[in-house]
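Structure, as structure tokens:
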Amino acid sequence: PELDTHDLMERADHALYFAKRALQGKAVLFNAALEQEMMTSSQVDKALRRCDYEAEFEVWFQPQYDLVKSRITGFEALARWNSRELGPVTPDVFIPAAERGGMIRPLTQALLHKAIAEMATWPDDLSLSFNLSTHDLMSPTAIDAILRTVGESGIPASRIEFEITETAMMSDFAQARRAIDQISEAGHSVALDDFGIGYSSLQYLQLLPVSKLKIDH
């Protein structure tokens, strides 16, 4: 009762965002936990708008090990943010914040540049796996820029794999299909992450040039 119209709408919008993200098909009642999450999100949003991508973001590399060949065959790029204002912020917090605030595309570009610069020092038989967000996948302009960045690096497309989530694919299957086709035609392999969380069926895989599945736990 003490909230004005703007505050009520802001909280309703946050509950809607939470429902879309975490509770598909279920109603969400805004509560104290969501109030705290919203306040934290607001702090992250503000810090993200003021941050220096180059200085505050790092790319860590998780090895991908081939059990048959008994060797490391590549690395997956993992984004890490050590905010000057907030300290370390985990990807499950800052990636949604970047998507909400329309900052994910420049952040993707900054991280891709960092990953490619590191990859340039690797032996030629090691590959890179790089994650794309839903917003990247839904934007033809973003996909063009990503592919152009790789092309200008001189690194063969066959050495760089792009990962997309099942959720991203199902948000707009037609656009996802166009983006995946474009990535594949450029010579990159595509991995589908978090497969099995309940959105799609195996028949979708017959329609997509996907080379790898990462099964959700």
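The values are calculated or read from the model by the stated rules, or taken from the named source; none is laboratory data. Only a predicted model underlies this, so the values are computations on that prediction, with no experimental measurement involved. For neighbour counting, all protein chains shown are included, and Cβ atoms are generated from backbone atoms with ideal geometry for every residue, glycine included. Keep in mind that these areas ignore ligands, DNA and RNA; they rest on the heavy atoms of the full protein, side chains included. Shrake-Rupley method; radii C 1.70, N 1.55, O 1.52, S 1.80 Å.
Among the residues of region 117-133, what is the count of those that are charged (D, E, K, R) and either assigned to a loop (DSSP other than H, G, I, E, B) or under 16 Å from Val190 (Cα atoms) (or both)? Lay out the reasoning, then the answer.
Looking only at region 117-133, we keep the residues that are charged (D, E, K, R), and these are 118, 124-125.
Going one step further and asking which of them are either assigned to a loop (DSSP other than H, G, I, E, B) or under 16 Å from Val190 (Cα atoms) (or both), we end up with 124-125.
Adding up the residues that qualify gives 2.
Quick check on Thr108: is it under 21 Å from Leu192 (Cα atoms) and at pLDDT below 90?
Spelling it out, it is not the case that Thr108 is under 21 Å from Leu192 (Cα atoms) and at pLDDT below 90.
Is one or more of the residues making up region 162-170 at pLDDT 95 or above and either open to solvent by less than 40 Å² (accessible area, probe 1.4 Å) or under 15 Å from the mean Cα position of the chain (by Cα) (or both)?
So far as region 162-170 goes, yes, one or more of its residues are at pLDDT 95 or above and either open to solvent by less than 40 Å² (accessible area, probe 1.4 Å) or under 15 Å from the mean Cα position of the chain (by Cα) (or both).
Mind checking which helices (runs of 4 or more DSSP H) fall wholly inside region 1-95 and carry at least 2 residues that are among the hydrophobic types (A, V, I, L, M, F, W, C)?
Passing ranges, in order: 5-22, 32-50.
Tell me which of these Thr40 doesn't satisfy, since it passes every other one: (1) surrounded by 12 or more Cβ atoms within 10 Å (Cβ to Cβ); (2) of a type in the set (S, T, N, Q); (3) touching a strand residue (DSSP E or B) at 6+ places or on another chain (Cβ under 9 Å).
Among (1) surrounded by 12 or more Cβ atoms within 10 Å (Cβ to Cβ); (2) of a type in the set (S, T, N, Q); (3) touching a strand residue (DSSP E or B) at 6+ places or on another chain (Cβ under 9 Å), Thr40 violates only (3).
Within region 54-72, does at least one residue satisfy the condition of being at pLDDT 85 or above, farther than 30 Å from Leu213 by Cβ and crowded, with 16+ Cβ neighbours inside 10 Å?
yes
Regarding Leu3, is this residue over 30 Å from Leu107 (Cα atoms), at pLDDT below 85 and more than 20 Å from the chain's Cα centre (by Cα)?
Working: over 30 Å from Leu107 (Cα atoms): yes; at pLDDT below 85: yes; more than 20 Å from the chain's Cα centre (by Cα): yes.
Considered against the rule, which asks whether it is over 30 Å from Leu107 (Cα atoms), at pLDDT below 85 and more than 20 Å from the chain's Cα centre (by Cα), Leu3 comes out as yes.
Yes/no per residue for (1) within 20 Å of the chain's Cα centre (by Cα); (2) among the hydrophobic types (A, V, I, L, M, F, W, C):
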position: Ala33; (1), (2): no, yes
position: Tyr53; (1), (2): yes, no
position: Thr73; (1), (2): no, no
position: Ala77; (1), (2): yes, yes
